[in-house]
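Below: the structure, in structure tokens.
The values are calculated or read from the model by the stated rules, or taken from the named source; none is laboratory data. Nothing here was measured: the structure is a model prediction, and the numbers come from that model. In this analysis, Cβ positions are derived from the backbone assuming ideal geometry, glycine residues included, and neighbour counts consider all displayed protein chains.
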Amino acid sequence: MRVLITGAAGFLGSHLADRFLADGHSVVGLDNFITGNPDNIAHLAGNERYEFVRHNISTYTYVAGPLDGVLHFASPASPVDYLEHPIATLKVGALGTHNALGLAKAKGARFFLASTSEVYGDPLVHPQPESYWGNVNPIGPRGVYDEAKRFAEAMTMAYHRYHGVDTRIVRIFNTYGPRMRPRDGRVVSNFIVQALTGEPLTVYGDGRQTRSFCYVSDEVEGIYRLFMNGDAEPTNIGNPNEFTVRQLAELVVELTGTKSPIVTRPLPTDDPKVRQPDITRARTLLAWEPAVSLREGVMRTIEYFRQVL
Ligand code: UDP
């Protein structure tokens, strides 16, 4: 296969490219480096099955040659990033998804949308099955990301139903691991970087809000299986093991042996109180489930940040 990955220099996009290349496929990577990092794809220079194009998918996009898949992973994805780039976030979810779908249709390629657990907003159903429609504040600061991804899902289903494009939608839950940017702003990278640099670990609010953290190799395997063997219905891919943010801070303190204190900071607006994927669908459809524990994954991520800091 020859597949296009948008957001190819990002955390997930770059790991996904590696996964396709490892199976003998060819990858065209596309990124404009708003939040992507050239270091994430440096190891692919000289790989004859990998091409890179610097381009913004939110503008008209032409790609030469045949494509079997278009995987749309471009978007600021950390709350800090989409607050800093609100318009670009709305555009890449809306215009970028439209362009990527148009490209898939023109090439007769399968389309794959990277959606998010944020479509569930601050959820009133727990854990979240795919059938839950969510509780999103459209005009809050997170709305730029949440609504862009909800629009992207609607657009993907419209291309599927109206144009008959073969489509997939993954709802990605909190994922962490090597190649996150140290100043990405998300909780796992923040805590590890703070611990390793001797800064206080910043718990927002009382730290009793929960998240369910998936190690990147598990997430990418689920995504790859969904692309290959899934269907058009949205599918949650994430790790159902749920932790409070304070538990995560304590784990990072233990595993790094840091002397940094844990301090509290104000809770950001509309911060979801709980989040846990119901992965029944992925288990049944894809015979997939996560294998890496939080302790193991955080240890591997600490090793990565020790090298890059
Ligand atoms: N958080 C925190 N300290 C930080 C960064 C984040 O306590 O330095 C909290 C944040 O308020 C949220 C959770 O950790 O409750 C996960 O935040 P993240 O930005 O990683 O992603 P989200 O799941 O909110 O999209």
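Cβ-Cβ under 9 Å, sequence separation 6+ or interchain: first residue in the stretch 157-185 and among the small types (Gly, Ala, Ser), partner assigned to a strand (DSSP E or B). Which pairs? Hits for this filter: Gly177/Cys214; Gly177/Tyr215.
Mind checking which residues of the stretch 136-164 are under 22 Å from Arg186 (Cα atoms) and under 20 Å from the mean Cα position of the chain (by Cα)? Please lay out each step first, then the result.
From the stretch 136-164, those under 22 Å from Arg186 (Cα atoms) are 136-150; that's our starting set.
Matches in the stretch 136-164: Val136, Pro141, Arg142, Gly143, Val144, Tyr145, Asp146, Glu147, Ala148, Lys149, Arg150.
With respect to (1) surrounded by fewer than 16 Cβ atoms within 10 Å (Cβ to Cβ); (2) closer than 20 Å to Phe111 by Cα, the lone exception for Val70 is condition (1).
Is one or more of the residues making up the stretch 199-220 over 14 Å from the mean Cα position of the chain (by Cα), more than 15 Å from the ligand (Cβ to nearest atom) and in contact (Cβ under 8 Å) with a residue 12 or more places away in the chain? The answer is no, given that none of the residues of the stretch 199-220 is over 14 Å from the mean Cα position of the chain (by Cα), more than 15 Å from the ligand (Cβ to nearest atom) and in contact (Cβ under 8 Å) with a residue 12 or more places away in the chain. Scanning the stretch 32-85 for residues that are among the charged types (D, E, K, R) and away from the ligand (no atom under 16 Å from the Cβ) yields Asp39, Glu48, Arg49, Glu51, Arg54, Asp68.
Scanning the stretch 241-270 for residues that are within 11 Å of the ligand (Cβ to nearest atom), under 21 Å from the mean Cα position of the chain (by Cα) and surrounded by 15 or more Cβ atoms within 10 Å (Cβ to Cβ) yields Phe243, Thr244, Val245, Leu248, Asp270.
Within the stretch 22-32, is even one residue surrounded by fewer than 24 Cβ atoms within 10 Å (Cβ to Cβ), more than 14 Å from the chain's Cα centre (by Cα) and within 16 Å of Arg179 (Cβ to Cβ)? Steps first, answer last, please.
Narrowing the stretch 22-32 to residues surrounded by fewer than 24 Cβ atoms within 10 Å (Cβ to Cβ): 22-26, 28, 32.
If we keep only those that are more than 14 Å from the chain's Cα centre (by Cα) as well, we get 22-26, 28, 32.
Among the residues that remain, those that are also within 16 Å of Arg179 (Cβ to Cβ) are: 22.
Within the stretch 22-32, one or more residues are surrounded by fewer than 24 Cβ atoms within 10 Å (Cβ to Cβ), more than 14 Å from the chain's Cα centre (by Cα) and within 16 Å of Arg179 (Cβ to Cβ).
Being closer than 17 Å to Ser78 by Cα and of a type outside the set (Gly, Ala, Ser) is the filter here, so list the residues in the stretch 24-39 that pass it. Asp31, Asn32, Phe33, Ile34, Thr35, Asn37 - these are the residues of the stretch 24-39 that are closer than 17 Å to Ser78 by Cα and of a type outside the set (Gly, Ala, Ser).
Report, by residue number, each residue of the stretch 1-36 that is in a loop (DSSP other than H, G, I, E, B) and hydroxyl-bearing (Ser, Thr, Tyr).
Of all residues in the stretch 1-36, those in a loop (DSSP other than H, G, I, E, B) come to 1, 7-10, 23-25, 32-36.
Listed by number, the list holds a single entry, Thr35.
If I filter the stretch 225-240 for residues that are under 28 Å from Met155 (Cα atoms), within 12 Å of the ligand (Cβ to nearest atom) and of a type outside the set (D, E, K, R), do I get at least one hit? Yes: one or more hits.
Listed by first and then second residue, the pairs linking a residue in the stretch 247-265 that is in contact (Cβ under 8 Å) with a residue 60 or more places away in the chain and within 18 Å of Thr210 (Cβ to Cβ) to a residue that is within 12 Å of the ligand (Cβ to nearest atom) and among the charged types (D, E, K, R), with Cβ atoms under 8 Å apart and 6 or more places separating them unless they lie on different chains, are Leu248/Arg211; Ile262/Arg246; Thr264/Asp206. For Asn190, the criteria (1) more than 8 Å from the ligand (Cβ to nearest atom); (2) modelled with pLDDT of 95 or more; (3) on the phi < 0 side of the Ramachandran plot hold in every case but one, which is (1). When residues in the stretch 161-177 are screened for being of a type outside the set (A, V, I, L, M, F, W, C), buried (at least 19 other Cβ atoms within 10 Å of the Cβ) and either farther than 30 Å from Gly205 by Cα or away from the ligand (no atom under 16 Å from the Cβ) (or both), 2 of them pass. Set side by side, the residues Gly69, Gly93 differ, and just one is of a type outside the set (A, V, I, L, M, F, W, C) and either without any contact (Cβ under 8 Å) to a residue 60 or more places away in the chain or within 22 Å of Val188 (Cβ to Cβ) (or both), which is Gly93.
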